[in-house]
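Where a number appears in this text, it was derived from the coordinates with a stated rule and is not lab data. Being a predicted model, the structure only gives us computed values, none of them experimental. Note that each Cβ is placed from the backbone with ideal geometry, even for glycine, and that neighbours are counted across all protein chains shown.
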Ligand code: F6R
């Protein structure tokens, strides 16, 4: 996985040629997928602020938004929830674009003359964020659904050694603790992305929540902490003044109640680069945590066993 993480900037650069020349017309966008593939939808919703973006993590499709452009996204192309969403989209003649590295999803698209974007295989879905999201952005951009995205300097920013260093520093804070990871509602993909990276790479539990909602429930749990937690709060410079004030007040209260907490600021120039860079810190933090726990960050045997179990 180390090589894949080192190549993440390169991946984002090479993905800029994918998903070109597809003609669609829609105002709303629905991403159907699960796990690492659905997560690309969460990131899209965060960075493509001018579009109406929904993420559907279940079988089939919601009745709402029948006019929305559906992206059926499955990195492997063999995930049953996403295949069922694609089947429904085809049946109901909804506008749909499939994205996968191959698998049944590609076969289904070819059989029904549905647009399909083939992305390179060979990495874990959670490490394929560039391949998964950039083609969607290209489709939306070329069809005037979102404005021009600034991807030019992304590779250089992602290759900054300070990102790995920051990940390593954070891994040391988290070792032996259960991470509670917070970000603002508008940047919810950051806390959720870090949580799932810790789950899948370091193979331990981690939980995510959002400001301000957590101030109305989770914060109370610090009164009688019955676990060994470490709270990480990911703050963005464009979070509103009130939300930023809540970060400081939340940290103060957690510490007064005897909890351990730190605030991590997003880094990077534009919104998209801040999201990508910060998720990449999470990649390295969870990778380094895996090494500290003596586990291989790459395979996710439990997910594979579970999928097999369902298939039998
Ligand atoms: C594994 C991972 C999982 C998968 C999920 C769906 O790295 O991130 O969350 O993404 O099991 O599989 P795909 O993405 O192939 O549809």
Quiz item: In the range 40-50, what residues are more than 13 Å from the chain's Cα centre (by Cα) and buried (at least 19 other Cβ atoms within 10 Å of the Cβ)?
Solution: 48
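When the residues of the range 192-211 are narrowed to those that are crowded, with 16+ Cβ neighbours inside 10 Å and without any contact (Cβ under 8 Å) to a residue 60 or more places away in the chain, which ends up farthest from the chain's Cα centre (by Cα)?
If we filter the range 192-211 for residues that are crowded, with 16+ Cβ neighbours inside 10 Å, which is where we start, we get 192-204, 206-211.
From what is left, the residues that are without any contact (Cβ under 8 Å) to a residue 60 or more places away in the chain are 195, 199, 206-211.
Working: 195: 10, 199: 13, 206: 15, 207: 15, 208: 13, 209: 15, 210: 15, 211: 18 Å.
Looking at residues that are crowded, with 16+ Cβ neighbours inside 10 Å and without any contact (Cβ under 8 Å) to a residue 60 or more places away in the chain, I get 211.
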Quiz item: So which residues in the range 82-96 are crowded, with 18+ Cβ neighbours inside 10 Å and either within 12 Å of residue 33 (Cβ to Cβ) or within 11 Å of the ligand (Cβ to nearest atom) (or both), if there are any at all?
Solution: 82, 83, 85, 86
Quiz item: Quick check: is even one residue across the range 51-66 buried (at least 19 other Cβ atoms within 10 Å of the Cβ), more than 18 Å from the chain's Cα centre (by Cα) and within 16 Å of residue 136 (Cβ to Cβ)?
Solution: no
Quiz prompt | Residues of the range 145-175 satisfying the condition of being assigned to a loop (DSSP other than H, G, I, E, B) and either in contact with a strand residue (DSSP E or B) (Cβ under 8 Å, 6 or more places away or on another chain) or closer than 23 Å to residue 214 by Cβ (or both) | solution = 145
Exercise. Among the numbered conditions (1) surrounded by fewer than 24 Cβ atoms within 10 Å (Cβ to Cβ); (2) part of a helix (DSSP H, G or I); (3) more than 12 Å from the ligand (Cβ to nearest atom), tell me where residue 104 comes up short.
Key: (3)
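Kindly establish whether residue 41 is closer than 18 Å to residue 22 by Cβ and in contact with a strand residue (DSSP E or B) (Cβ under 6 Å, 6 or more places away or on another chain). Before the answer, list the steps.
Values: closer than 18 Å to residue 22 by Cβ: yes; in contact with a strand residue (DSSP E or B) (Cβ under 6 Å, 6 or more places away or on another chain): yes.
The answer is yes for residue 41.
Residues checked against (1) crowded, with 22+ Cβ neighbours inside 10 Å; (2) within 24 Å of residue 268 (Cα to Cα); (3) within 16 Å of the ligand (Cβ to nearest atom); (4) touching a residue at least 40 places away in the same chain (Cβ under 8 Å):
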{"site": "114", "(1), (2), (3), (4)": "no, no, no, no"}
{"site": "124", "(1), (2), (3), (4)": "no, no, yes, yes"}
{"site": "144", "(1), (2), (3), (4)": "no, no, no, no"}
{"site": "164", "(1), (2), (3), (4)": "no, yes, no, yes"}
{"site": "213", "(1), (2), (3), (4)": "no, no, no, no"}
{"site": "216", "(1), (2), (3), (4)": "no, no, no, no"}
